[in-house]
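Report on the following structure.
The values are calculated or read from the model by the stated rules, or taken from the named source; none is laboratory data. Because the structure is a prediction, the values reported are computed rather than measured. Backbone-built Cβ (ideal geometry, glycine too); neighbour counts: all protein chains shown.
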Amino acid sequence: MSAKPFNAIFLRATAAAAAAGLAITAAPLGAAEFTFSEKTNESYAKRLDMPVYFAVPASARAKLPKSFNTTDRLVEFKHPDAKGASGDVGLRLIVAKRAGFGQRMAKSGLIQTGDIILTFRPEWGGGGAYPNIQMGISHTGLAYVKDGAVRQLDIPLNAEYLGGNYAGNFDSEHYRTLKFMHVIRPRGLTEAQKATLVAWATRLNASARKIYPGQISFNDDYNAPKYQSGKPLGFVKHLAQLGLGQNPPGKTSMYCSEFVWSVLALRNCDPAKTADAFKGSGIPSCVKPAMTPMDATGNYVTLRTPNSAAGLSEGPLLVVQALNLSEEQRNPLVESIFEEDPKILARMSEGHRTVAKTMQPRFAPLQQYYKGAAAGGWRRAPAYVASAAFRSAVPDNYSPTSFLINTLLPGTNSTRTMDYVATVMFE
(Lines give C-alpha, C1' and ligand atoms only; values in the text may rest on other atoms or scores of the structure.)
Protein backbone atom coordinates (compact mmCIF):
# COMPACT_ATOMS: atom_id res chain seq x y z
CA MET A 1 0.00 0.00 0.00
CA SER A 2 1.38 3.44 -0.88
CA ALA A 3 1.87 6.14 1.74
CA LYS A 4 -0.94 8.41 0.50
CA PRO A 5 -3.83 5.87 0.76
CA PHE A 6 -2.52 4.75 4.14
CA ASN A 7 -2.43 8.32 5.42
CA ALA A 8 -5.96 8.92 4.14
CA ILE A 9 -7.25 5.80 5.90
CA PHE A 10 -5.49 6.85 9.12
CA LEU A 11 -6.97 10.37 8.97
CA ARG A 12 -10.48 9.02 8.38
CA ALA A 13 -10.09 6.59 11.30
CA THR A 14 -8.79 9.39 13.54
CA ALA A 15 -11.71 11.65 12.62
CA ALA A 16 -14.23 8.87 13.27
CA ALA A 17 -12.66 8.11 16.63
CA ALA A 18 -12.67 11.77 17.61
CA ALA A 19 -16.34 12.05 16.69
CA ALA A 20 -17.05 9.10 18.95
CA GLY A 21 -15.14 10.71 21.80
CA LEU A 22 -12.16 8.32 21.67
CA ALA A 23 -8.52 9.38 22.03
CA ILE A 24 -5.93 8.15 19.52
CA THR A 25 -2.34 7.76 20.78
CA ALA A 26 0.69 6.45 18.95
CA ALA A 27 1.98 3.09 20.10
CA PRO A 28 5.08 3.71 22.23
CA LEU A 29 8.41 2.19 21.33
CA GLY A 30 9.37 -0.71 23.56
CA ALA A 31 11.78 0.17 26.37
CA ALA A 32 14.38 -2.59 26.52
CA GLU A 33 17.26 -3.28 28.91
CA PHE A 34 20.22 -5.64 28.81
CA THR A 35 19.09 -8.45 31.08
CA PHE A 36 20.50 -11.79 32.22
CA SER A 37 18.83 -15.13 32.89
CA GLU A 38 20.40 -18.57 33.28
CA LYS A 39 18.06 -20.21 30.78
CA THR A 40 18.67 -17.55 28.13
CA ASN A 41 22.40 -17.72 28.80
CA GLU A 42 22.49 -21.45 28.12
CA SER A 43 20.68 -20.97 24.83
CA TYR A 44 23.02 -18.25 23.56
CA ALA A 45 26.10 -20.13 24.75
CA LYS A 46 25.13 -22.93 22.37
CA ARG A 47 24.46 -20.53 19.51
CA LEU A 48 27.73 -18.66 19.99
CA ASP A 49 29.79 -21.81 20.67
CA MET A 50 33.00 -19.83 21.16
CA PRO A 51 36.01 -19.93 23.49
CA VAL A 52 35.97 -17.68 26.52
CA TYR A 53 38.84 -15.56 25.18
CA PHE A 54 36.55 -14.34 22.38
CA ALA A 55 34.46 -12.55 25.03
CA VAL A 56 35.41 -9.40 26.95
CA PRO A 57 35.54 -8.46 30.65
CA ALA A 58 33.06 -5.98 32.08
CA SER A 59 35.83 -3.37 32.33
CA ALA A 60 35.86 -3.11 28.50
CA ARG A 61 32.27 -1.92 28.30
CA ALA A 62 31.06 1.58 27.52
CA LYS A 63 28.72 3.21 30.00
CA LEU A 64 25.26 3.10 28.45
CA PRO A 65 21.78 4.31 29.41
CA LYS A 66 19.80 1.84 31.48
CA SER A 67 17.16 1.32 28.80
CA PHE A 68 16.71 1.81 25.06
CA ASN A 69 13.68 2.41 22.87
CA THR A 70 13.90 -0.62 20.62
CA THR A 71 12.06 -3.79 19.72
CA ASP A 72 15.34 -5.71 19.52
CA ARG A 73 16.15 -8.08 22.35
CA LEU A 74 19.00 -6.99 24.62
CA VAL A 75 20.79 -9.85 26.36
CA GLU A 76 23.53 -9.85 28.99
CA PHE A 77 25.60 -12.91 28.08
CA LYS A 78 28.07 -14.41 30.56
CA HIS A 79 30.43 -17.01 29.14
CA PRO A 80 29.93 -20.38 30.90
CA ASP A 81 33.70 -20.88 31.21
CA ALA A 82 33.92 -17.65 33.21
CA LYS A 83 31.60 -18.89 35.95
CA GLY A 84 33.30 -18.47 39.29
CA ALA A 85 35.97 -16.23 37.77
CA SER A 86 36.25 -12.68 39.00
CA GLY A 87 36.47 -11.05 35.58
CA ASP A 88 32.75 -11.17 34.64
CA VAL A 89 33.63 -12.08 31.06
CA GLY A 90 30.92 -12.14 28.40
CA LEU A 91 29.16 -10.03 25.77
CA ARG A 92 26.26 -7.61 25.49
CA LEU A 93 24.05 -9.03 22.76
CA ILE A 94 21.69 -7.03 20.55
CA VAL A 95 19.55 -9.79 19.04
CA ALA A 96 18.22 -8.07 15.93
CA LYS A 97 16.18 -8.72 12.83
CA ARG A 98 17.69 -7.45 9.58
CA ALA A 99 14.59 -5.63 8.33
CA GLY A 100 14.66 -2.01 9.48
CA PHE A 101 17.95 -2.57 11.34
CA GLY A 102 19.56 0.78 10.47
CA GLN A 103 16.48 2.78 11.42
CA ARG A 104 16.09 1.01 14.77
CA MET A 105 19.76 1.41 15.68
CA ALA A 106 19.63 5.13 14.90
CA LYS A 107 16.41 5.64 16.84
CA SER A 108 17.67 3.78 19.89
CA GLY A 109 21.20 5.18 19.83
CA LEU A 110 22.66 1.72 20.24
CA ILE A 111 24.90 2.43 17.23
CA GLN A 112 26.12 5.98 16.68
CA THR A 113 28.21 7.96 14.22
CA GLY A 114 31.88 7.07 14.57
CA ASP A 115 31.26 3.60 15.96
CA ILE A 116 33.56 0.91 14.60
CA ILE A 117 31.83 -2.20 13.24
CA LEU A 118 33.87 -5.40 13.56
CA THR A 119 32.74 -8.50 11.67
CA PHE A 120 32.84 -11.24 14.30
CA ARG A 121 33.06 -14.94 13.46
CA PRO A 122 32.78 -17.05 16.64
CA GLU A 123 33.04 -20.20 14.50
CA TRP A 124 36.76 -19.43 14.10
CA GLY A 125 37.31 -20.20 17.77
CA GLY A 126 39.77 -23.01 18.40
CA GLY A 127 41.04 -23.05 14.80
CA GLY A 128 44.63 -22.17 15.67
CA ALA A 129 46.89 -19.36 16.79
CA TYR A 130 45.97 -16.92 14.01
CA PRO A 131 42.14 -17.02 14.24
CA ASN A 132 42.30 -17.20 18.05
CA ILE A 133 44.62 -14.22 18.40
CA GLN A 134 42.37 -12.33 15.96
CA MET A 135 39.55 -13.12 18.43
CA GLY A 136 37.38 -14.19 15.50
CA ILE A 137 37.39 -10.73 13.90
CA SER A 138 37.74 -10.57 10.12
CA HIS A 139 36.68 -7.09 8.91
CA THR A 140 36.26 -3.46 9.97
CA GLY A 141 33.68 -0.87 8.92
CA LEU A 142 32.63 2.57 10.17
CA ALA A 143 29.08 3.47 11.20
CA TYR A 144 27.42 6.85 10.65
CA VAL A 145 23.87 8.13 11.09
CA LYS A 146 22.23 9.90 8.17
CA ASP A 147 18.58 10.50 7.25
CA GLY A 148 17.36 8.65 10.33
CA ALA A 149 19.32 5.46 9.73
CA VAL A 150 22.67 3.98 10.66
CA ARG A 151 24.80 3.37 7.57
CA GLN A 152 28.27 1.88 7.06
CA LEU A 153 31.40 2.84 5.19
CA ASP A 154 33.87 0.13 4.20
CA ILE A 155 36.73 -0.68 1.92
CA PRO A 156 36.64 -2.36 -0.61
CA LEU A 157 34.53 0.53 -1.89
CA ASN A 158 32.39 -1.78 -4.02
CA ALA A 159 28.91 -3.24 -4.12
CA GLU A 160 29.96 -6.34 -2.14
CA TYR A 161 30.47 -4.13 0.92
CA LEU A 162 28.51 -0.92 0.23
CA GLY A 163 25.48 -2.49 -1.44
CA GLY A 164 23.96 -2.19 -4.90
CA ASN A 165 23.25 1.54 -4.55
CA TYR A 166 26.54 2.21 -2.72
CA ALA A 167 24.64 3.78 0.18
CA GLY A 168 25.98 1.55 2.95
CA ASN A 169 22.58 0.36 4.17
CA PHE A 170 23.81 -2.95 5.63
CA ASP A 171 22.22 -4.59 2.57
CA SER A 172 25.42 -5.63 0.76
CA GLU A 173 26.43 -9.25 0.33
CA HIS A 174 28.93 -8.95 3.18
CA TYR A 175 26.45 -7.58 5.71
CA ARG A 176 23.50 -9.70 4.52
CA THR A 177 25.47 -12.88 5.16
CA LEU A 178 27.27 -12.14 8.43
CA LYS A 179 25.68 -13.22 11.70
CA PHE A 180 27.60 -11.24 14.31
CA MET A 181 29.36 -7.90 14.60
CA HIS A 182 30.95 -6.07 17.51
CA VAL A 183 30.30 -2.37 18.06
CA ILE A 184 33.30 -0.37 19.37
CA ARG A 185 32.93 3.31 20.28
CA PRO A 186 35.77 5.86 20.21
CA ARG A 187 35.76 7.81 23.44
CA GLY A 188 34.74 11.44 23.64
CA LEU A 189 33.48 12.14 20.12
CA THR A 190 31.79 15.55 20.08
CA GLU A 191 28.70 16.39 18.06
CA ALA A 192 30.89 18.52 15.78
CA GLN A 193 33.26 15.60 15.21
CA LYS A 194 30.34 13.29 14.47
CA ALA A 195 28.97 15.76 11.93
CA THR A 196 32.40 15.88 10.32
CA LEU A 197 32.58 12.09 10.10
CA VAL A 198 29.13 12.01 8.48
CA ALA A 199 30.38 14.53 5.91
CA TRP A 200 33.47 12.45 5.09
CA ALA A 201 31.52 9.18 4.94
CA THR A 202 28.91 10.75 2.65
CA ARG A 203 31.60 12.06 0.30
CA LEU A 204 33.51 8.79 0.18
CA ASN A 205 30.43 6.64 -0.39
CA ALA A 206 29.22 9.04 -3.09
CA SER A 207 32.58 9.00 -4.90
CA ALA A 208 33.25 5.27 -4.45
CA ARG A 209 32.53 4.31 -8.07
CA LYS A 210 34.85 7.05 -9.30
CA ILE A 211 37.86 6.54 -7.04
CA TYR A 212 37.79 2.75 -6.51
CA PRO A 213 39.87 0.89 -7.58
CA GLY A 214 41.63 3.39 -9.88
CA GLN A 215 42.75 5.89 -7.23
CA ILE A 216 42.42 3.80 -4.07
CA SER A 217 42.42 0.01 -4.02
CA PHE A 218 42.24 -2.71 -1.40
CA ASN A 219 45.48 -3.72 0.29
CA ASP A 220 45.22 -7.43 1.05
CA ASP A 221 48.46 -7.53 3.07
CA TYR A 222 47.54 -6.76 6.67
CA ASN A 223 51.24 -6.92 7.61
CA ALA A 224 52.07 -3.94 5.37
CA PRO A 225 50.43 -0.87 6.96
CA LYS A 226 50.96 2.58 5.51
CA TYR A 227 51.65 3.89 9.01
CA GLN A 228 55.28 4.26 10.04
CA SER A 229 56.10 5.58 13.48
CA GLY A 230 57.38 9.15 13.35
CA LYS A 231 56.54 9.60 9.67
CA PRO A 232 53.87 12.01 8.28
CA LEU A 233 50.40 10.58 7.72
CA GLY A 234 50.49 11.13 3.97
CA PHE A 235 48.08 8.29 3.29
CA VAL A 236 45.40 9.95 5.46
CA LYS A 237 45.89 13.18 3.53
CA HIS A 238 45.62 11.25 0.24
CA LEU A 239 42.29 9.75 1.35
CA ALA A 240 40.97 13.18 2.32
CA GLN A 241 41.98 14.60 -1.06
CA LEU A 242 40.03 11.81 -2.75
CA GLY A 243 36.98 12.60 -0.64
CA LEU A 244 37.34 16.28 -1.55
CA GLY A 245 37.59 15.50 -5.28
CA GLN A 246 41.08 16.99 -5.50
CA ASN A 247 42.43 14.10 -7.63
CA PRO A 248 45.81 13.74 -5.90
CA PRO A 249 48.65 12.28 -8.00
CA GLY A 250 49.48 8.61 -7.63
CA LYS A 251 47.43 5.82 -6.11
CA THR A 252 47.08 4.41 -2.62
CA SER A 253 45.71 1.21 -1.14
CA MET A 254 44.31 0.40 2.29
CA TYR A 255 42.95 -2.60 4.10
CA CYS A 256 39.68 -2.30 6.00
CA SER A 257 40.92 -1.36 9.48
CA GLU A 258 43.53 1.00 8.00
CA PHE A 259 40.77 2.75 6.07
CA VAL A 260 38.59 3.16 9.17
CA TRP A 261 41.59 4.35 11.22
CA SER A 262 42.27 6.97 8.52
CA VAL A 263 38.68 8.25 8.35
CA LEU A 264 38.58 8.62 12.15
CA ALA A 265 41.83 10.61 11.94
CA LEU A 266 39.84 13.20 9.93
CA ARG A 267 37.24 13.77 12.66
CA ASN A 268 38.56 17.31 13.33
CA CYS A 269 38.83 18.23 9.63
CA ASP A 270 35.47 19.62 8.50
CA PRO A 271 35.66 19.12 4.71
CA ALA A 272 33.68 22.32 4.13
CA LYS A 273 36.28 24.37 6.02
CA THR A 274 39.60 22.57 5.62
CA ALA A 275 39.70 21.73 1.89
CA ASP A 276 42.40 24.30 1.16
CA ALA A 277 44.60 22.90 3.93
CA PHE A 278 44.79 19.58 2.06
CA LYS A 279 46.12 21.31 -1.07
CA GLY A 280 49.40 22.20 0.61
CA SER A 281 52.53 20.09 0.81
CA GLY A 282 52.26 19.22 4.49
CA ILE A 283 49.77 17.30 6.60
CA PRO A 284 47.02 19.57 7.99
CA SER A 285 47.19 20.00 11.75
CA CYS A 286 43.59 18.82 12.10
CA VAL A 287 44.64 15.23 11.25
CA LYS A 288 44.83 13.39 14.58
CA PRO A 289 44.90 9.59 15.14
CA ALA A 290 42.02 8.33 17.29
CA MET A 291 44.15 5.41 18.49
CA THR A 292 47.90 4.84 18.50
CA PRO A 293 48.91 1.86 16.31
CA MET A 294 50.12 -1.11 18.34
CA ASP A 295 53.30 -3.17 18.57
CA ALA A 296 52.89 -6.93 18.26
CA THR A 297 53.26 -7.14 22.06
CA GLY A 298 52.82 -4.15 24.33
CA ASN A 299 54.22 -3.25 27.72
CA TYR A 300 51.00 -3.16 29.73
CA VAL A 301 51.24 -6.81 30.76
CA THR A 302 54.74 -6.32 32.22
CA LEU A 303 54.58 -2.74 33.53
CA ARG A 304 50.93 -2.11 34.46
CA THR A 305 51.52 1.65 34.45
CA PRO A 306 48.78 4.22 33.70
CA ASN A 307 50.22 4.90 30.23
CA SER A 308 51.44 1.43 29.18
CA ALA A 309 50.06 -0.03 25.95
CA ALA A 310 48.57 -3.30 24.78
CA GLY A 311 49.85 -5.26 21.78
CA LEU A 312 48.22 -6.58 18.61
CA SER A 313 48.63 -10.21 19.67
CA GLU A 314 47.53 -9.82 23.30
CA GLY A 315 43.73 -9.91 23.10
CA PRO A 316 43.20 -13.48 24.35
CA LEU A 317 45.99 -13.04 26.92
CA LEU A 318 44.31 -9.98 28.44
CA VAL A 319 40.98 -11.82 28.63
CA VAL A 320 42.62 -14.84 30.29
CA GLN A 321 44.28 -12.55 32.83
CA ALA A 322 40.93 -10.89 33.57
CA LEU A 323 39.55 -14.30 34.54
CA ASN A 324 42.04 -14.59 37.44
CA LEU A 325 42.15 -18.37 37.12
CA SER A 326 44.26 -20.77 39.12
CA GLU A 327 47.39 -22.09 37.42
CA GLU A 328 45.72 -25.48 37.01
CA GLN A 329 42.81 -23.87 35.13
CA ARG A 330 44.86 -21.28 33.26
CA ASN A 331 47.61 -23.37 31.64
CA PRO A 332 45.37 -25.66 29.53
CA LEU A 333 43.39 -22.60 28.38
CA VAL A 334 46.57 -20.79 27.27
CA GLU A 335 47.82 -23.89 25.46
CA SER A 336 44.50 -24.27 23.64
CA ILE A 337 44.97 -20.84 22.03
CA PHE A 338 47.89 -22.22 20.00
CA GLU A 339 46.42 -25.62 19.08
CA GLU A 340 45.38 -25.94 15.44
CA ASP A 341 42.18 -27.62 14.26
CA PRO A 342 42.09 -28.11 10.44
CA LYS A 343 38.31 -28.56 10.46
CA ILE A 344 37.79 -25.15 12.01
CA LEU A 345 40.40 -23.53 9.77
CA ALA A 346 38.42 -24.81 6.79
CA ARG A 347 35.55 -22.52 7.83
CA MET A 348 37.70 -19.45 7.14
CA SER A 349 37.93 -17.70 3.79
CA GLU A 350 40.79 -18.65 1.48
CA GLY A 351 42.57 -15.36 2.18
CA HIS A 352 42.46 -15.79 5.95
CA ARG A 353 43.56 -19.44 5.65
CA THR A 354 46.59 -18.30 3.66
CA VAL A 355 47.53 -15.74 6.33
CA ALA A 356 47.05 -18.35 9.06
CA LYS A 357 49.38 -20.76 7.27
CA THR A 358 52.01 -18.06 6.70
CA MET A 359 51.92 -16.87 10.30
CA GLN A 360 51.82 -20.26 12.05
CA PRO A 361 55.63 -20.82 12.22
CA ARG A 362 56.08 -17.40 13.84
CA PHE A 363 53.87 -18.11 16.85
CA ALA A 364 56.29 -20.31 18.86
CA PRO A 365 57.92 -17.39 20.75
CA LEU A 366 54.50 -15.83 21.27
CA GLN A 367 53.27 -19.03 22.92
CA GLN A 368 56.16 -18.87 25.40
CA TYR A 369 55.35 -15.22 26.04
CA TYR A 370 51.71 -16.07 26.76
CA LYS A 371 52.69 -18.76 29.26
CA GLY A 372 55.07 -16.53 31.17
CA ALA A 373 52.91 -13.41 31.02
CA ALA A 374 49.76 -15.25 32.09
CA ALA A 375 51.61 -16.78 35.05
CA GLY A 376 52.39 -13.28 36.30
CA GLY A 377 54.93 -12.13 38.85
CA TRP A 378 58.62 -12.20 37.96
CA ARG A 379 57.91 -14.37 34.89
CA ARG A 380 56.30 -11.47 33.01
CA ALA A 381 59.53 -9.57 32.32
CA PRO A 382 61.55 -12.46 30.83
CA ALA A 383 58.46 -13.45 28.82
CA TYR A 384 58.37 -9.98 27.27
CA VAL A 385 62.05 -10.26 26.33
CA ALA A 386 61.40 -13.71 24.85
CA SER A 387 58.76 -12.22 22.55
CA ALA A 388 61.23 -9.75 21.02
CA ALA A 389 61.64 -11.78 17.81
CA PHE A 390 57.91 -11.86 17.22
CA ARG A 391 57.61 -8.18 18.09
CA SER A 392 60.37 -7.10 15.71
CA ALA A 393 58.82 -9.06 12.82
CA VAL A 394 55.46 -7.25 13.02
CA PRO A 395 55.24 -3.49 12.26
CA ASP A 396 53.18 -1.09 14.35
CA ASN A 397 49.68 -1.72 13.11
CA TYR A 398 45.92 -1.23 13.47
CA SER A 399 44.52 -4.67 12.68
CA PRO A 400 40.74 -5.17 12.88
CA THR A 401 41.22 -6.75 16.32
CA SER A 402 43.28 -3.82 17.63
CA PHE A 403 40.17 -1.70 18.23
CA LEU A 404 38.73 -4.39 20.51
CA ILE A 405 42.09 -4.99 22.21
CA ASN A 406 42.27 -1.30 23.11
CA THR A 407 39.07 -1.71 25.16
CA LEU A 408 40.75 -4.41 27.27
CA LEU A 409 43.04 -1.88 28.96
CA PRO A 410 41.91 -0.40 32.29
CA GLY A 411 39.42 2.42 31.96
CA THR A 412 41.88 4.94 33.40
CA ASN A 413 44.76 3.97 31.09
CA SER A 414 45.83 6.97 28.98
CA THR A 415 46.28 4.89 25.82
CA ARG A 416 42.74 3.53 25.99
CA THR A 417 40.58 5.47 23.57
CA MET A 418 37.90 2.86 22.76
CA ASP A 419 34.99 1.17 24.57
CA TYR A 420 33.08 -2.01 23.75
CA VAL A 421 29.37 -1.24 23.25
CA ALA A 422 27.74 -4.53 22.30
CA THR A 423 27.65 -7.40 19.81
CA VAL A 424 24.88 -7.52 17.21
CA MET A 425 23.49 -11.00 16.64
CA PHE A 426 21.27 -11.18 13.57
CA GLU A 427 18.31 -13.56 13.78
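Select from the stretch 326-368 the residues that are within 27 Å of the chain's Cα centre (by Cα) and part of a loop (DSSP other than H, G, I, E, B) and list them in ascending order.
Phe338, Glu339, Glu340, Asp341, Ala346, Arg347, Met348, Ser349
Residue-by-condition table, conditions (1) buried (at least 20 other Cβ atoms within 10 Å of the Cβ); (2) more than 21 Å from the chain's Cα centre (by Cα); (3) free of Cβ contacts under 8 Å to residues at least 60 places away in the same chain; (4) in the same structural domain as Ala373 (by TED's automatic domain parsing):
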{"position": "Pro225", "(1), (2), (3), (4)": "yes, no, no, no"}
{"position": "Gly230", "(1), (2), (3), (4)": "no, yes, yes, no"}
{"position": "Trp261", "(1), (2), (3), (4)": "yes, no, no, no"}
{"position": "Thr274", "(1), (2), (3), (4)": "no, yes, yes, no"}
{"position": "Ala309", "(1), (2), (3), (4)": "yes, no, no, yes"}
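Can you tell me how many residues in the stretch 115-160 are assigned to a loop (DSSP other than H, G, I, E, B) and hydrophobic (A, V, I, L, M, F, W, C)?
3
Return the pairs, sorted by first residue and then second, in which the second residue is among the aliphatic types (A, V, I, L, M) and part of a loop (DSSP other than H, G, I, E, B), the first residue lies in the stretch 119-144 and is over 19 Å from Asp81 (Cα atoms) and not assigned by TED's automatic domain parsing to the domain that holds Glu314, the beta carbons are less than 6 Å apart, and the residues are 6+ apart or on different chains.
Thr119/Leu178; Ala143/Ile111
Would you be able to say whether some residue in the stretch 125-148 is within 22 Å of Leu64 (Cβ to Cβ) and more than 16 Å from the chain's Cα centre (by Cα)?
Yes: one or more hits.
Pick from the stretch 276-300 the residues that are more than 23 Å from the chain's Cα centre (by Cα) and part of a helix (DSSP H, G or I): which of them is surrounded by the fewest Cβ atoms within 10 Å (Cβ to Cβ)?
Asp276
Just wondering, is there one or more residues in the stretch 33-40 that are of a type outside the set (Lys, Arg), without any contact (Cβ under 8 Å) to a residue 24 or more places away in the chain and touching a Ser or Thr at 6+ places or on another chain (Cβ under 6 Å)?
No, the stretch 33-40 has no match at all.
Those residues that are of a type outside the set (A, V, I, L, M, F, W, C) and either assigned by TED's automatic domain parsing to the domain that holds Phe54 or under 13 Å from His182 (Cα atoms) (or both), I need them from the stretch 369-413; list them, please.
Passing the criteria: Pro400, Thr401, Ser402, Thr407.
Of everything in the stretch 161-173, what is surrounded by fewer than 18 Cβ atoms within 10 Å (Cβ to Cβ) and touching a Ser or Thr at 6+ places or on another chain (Cβ under 9 Å)? Give them in sequence order.
Gly164
Which ones in the stretch 343-373 are of a type in the set (Ser, Thr, Tyr) and surrounded by 13 or more Cβ atoms within 10 Å (Cβ to Cβ)?
Across the stretch 343-373, the qualifying residues are Tyr369, Tyr370.
Hand me the list of helices (runs of 4 or more DSSP H) wholly inside the stretch 379-427 holding 3 or more residues that are buried (at least 23 other Cβ atoms within 10 Å of the Cβ) and in contact (Cβ under 8 Å) with a residue 12 or more places away in the chain.
402-406
Could you list, ordered by first residue, the pairs with Cβ atoms under 6 Å in which the first is in the stretch 150-177 and farther than 15 Å from Ile117 by Cβ and the second is of a type in the set (Gly, Ala, Ser) and not in a loop (DSSP other than H, G, I, E, B), at least 6 apart or interchain?
Listed by first residue and then by second, the contacts come to Leu157/Ala208; Tyr166/Ala208.
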